[in-house]
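Some notes on the structure that comes next.
FYI, it's all coordinate maths here, none of it is from the lab. Since we're looking at a predicted model, the values are computed, not measured. Every residue, glycine among them, receives a Cβ derived from its backbone with ideal geometry; neighbour counts consider all protein chains shown.
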Amino acid sequence: MKKIKFIFNILFWVALIAVIFSTDLRAEVFGFIQRGVIEIGLVNPTIEENHKTLKKNEPYQLTLKNQRGEMVQLSEFEDKIVFINFWATWCPPCIAEMPSINQLHEKFKNDKEIVFLMISQDKDFGKAKDFLEKKSFGFDIFQSQTSLPNDLRSNSIPATFVLDKSGNIVYEHMGMANYNSDKFISFLYELKKQ
């Protein structure tokens, strides 16, 4: 009898793991685990290493469409600080860092000097819209309608960039991070003073 229980126990765990890896739950489960890593403070954005200024030669040309179908141009945000995050629903580190980005957005949502552009890399933008609705995040999500400027391209996601009021890239980070940290918030306030 103990042997039968043991076999059923193993079969249960194998079946559970198979379901997680073969469905959309994979990104959610691994995102949940990685969110724990973020919350205990193991992956905070390193401002000193990633703070640089990449001067643009001309305004970046990028057209985006949000979840309501409204079109915006990146060039519309001259004289604003722009937080850009490239993400996807199938990306566990993206899912893991989103609550911290949402908390950061909530702190600055009424600040007219800071803009959040959460740009989905999902081929089916409907999945990204469903994800946003399910999670009830307060930020808008966007889909690129034109090719990305070379300076904003990355071989991995999540990828995060911050543009200063002149449109220069002053921060970039590849991989997940806790953006709702005191250090990162102070960094944004310093940019506002410039």
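For the stretch 80-129, which GluC sites (Glu not before Pro) pass both filters: DSSP loop (anything but H, G, I, E, B) and at most 16 other C-beta atoms within 10 Å? Hits after loop and neighbour filter: Glu113. Here's how it looks for Ile114: its modeled amide H is under 5 Å from those of Ile81, which are all 5 or more places away or on a different chain. Summing charges over all other residues whose Cβ lies under 9 Å from the Cβ of Leu191, with Lys and Arg as +1 and Asp and Glu as -1, gives 0.
Rank-order 114-120, 166-172, 182-188 by packing density, defined as the average count of other C-beta atoms within 10 Å over each peptide's residues, highest first. Working shown, then result.
Values: 114-120: 21.9, 166-172: 18.3, 182-188: 15.6.
So the order, starting with the most tightly packed, is 114-120, 166-172, 182-188.
Need one word for the stretch 135-178: rounded, prolate or oblate. Basis is the Cα gyration tensor (sqrt eigenvalues a ≥ b ≥ c); a/c below 1.5 gives rounded, then a/b vs b/c decides. Working shown, then result.
Details: a/c = 1.34, a/b = 1.25, b/c = 1.07.
Note, shape of the stretch 135-178 comes out rounded.
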